[in-house]
Amino acid sequence: MARLSPEFLSDLRDRIEVIETLKALQECVDGKRKLTKEQVKAAEILLRKAMPDLKAIEVTGKDGGPIAMTVSRIELVDLDDGSPGKASA
């Protein structure tokens, strides 16, 4: 039987801890669980370390103007016979 590396197990424990923290916070929001201010703050600290903070990002073109987009069409070609649109298995 294959053995799991210590790094993998540590990462797995961290993920489980984050999932359990999220579940507890969701239950608190849903009114199914009571959490103290300290527990909510501890959960916030843990989640900030484990998950990226999602922030709104505005993407603009040159000098704050609109973005110029180019759409290209790519056609697949079967290298066996050169005919477009066919894919070899």
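Bear in mind that the values in this text are calculations on the coordinates, not laboratory data. Fair warning: this is a prediction, and the values are worked out from it, not measured in the lab. With ideal geometry, Cβ positions are generated from the backbone for all residues, glycine too; neighbour counts draw on all protein chains shown.
Every residue, every condition in (1) of a type in the set (Ser, Thr, Tyr); (2) loosely packed, with under 12 Cβ neighbours inside 10 Å; (3) out of contact with any Gly (no Cβ under 6 Å at 6 or more places or on another chain), yes or no:
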residue	(1), (2), (3)
Pro6	no, yes, yes
Arg13	no, yes, yes
Val18	no, no, yes
Gly31	no, yes, yes
Thr36	yes, yes, yes
Val40	no, no, yes
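Could you look through region 62-76, keep only residues that are outside any loop (DSSP other than H, G, I, E, B) and of a type in the set (D, E, K, R), and pick out the one that is farthest from the chain's Cα centre (by Cα)?
Asp63
Note down all Cβ pairs under 7 Å where the first residue falls in region 12-26 and is farther than 11 Å from Leu46 by Cα, the second is surrounded by 13 or more Cβ atoms within 10 Å (Cβ to Cβ), and they're at least six residues apart or on different chains.
The qualifying pairs are Ala24/Arg33; Ala24/Leu35; Ala24/Ala43; Leu25/Ala43.
Cβ-Cβ distance below 9 Å, separation of 6 or more or different chains: which pairs start in region 41-60 with a residue that is within 17 Å of Lys23 (Cβ to Cβ) and end on one that is of a type in the set (Lys, Arg) and surrounded by 10 or more Cβ atoms within 10 Å (Cβ to Cβ)?
Sorted first by the residue in region 41-60, then by its partner, the pairs are Ala50/Arg15.
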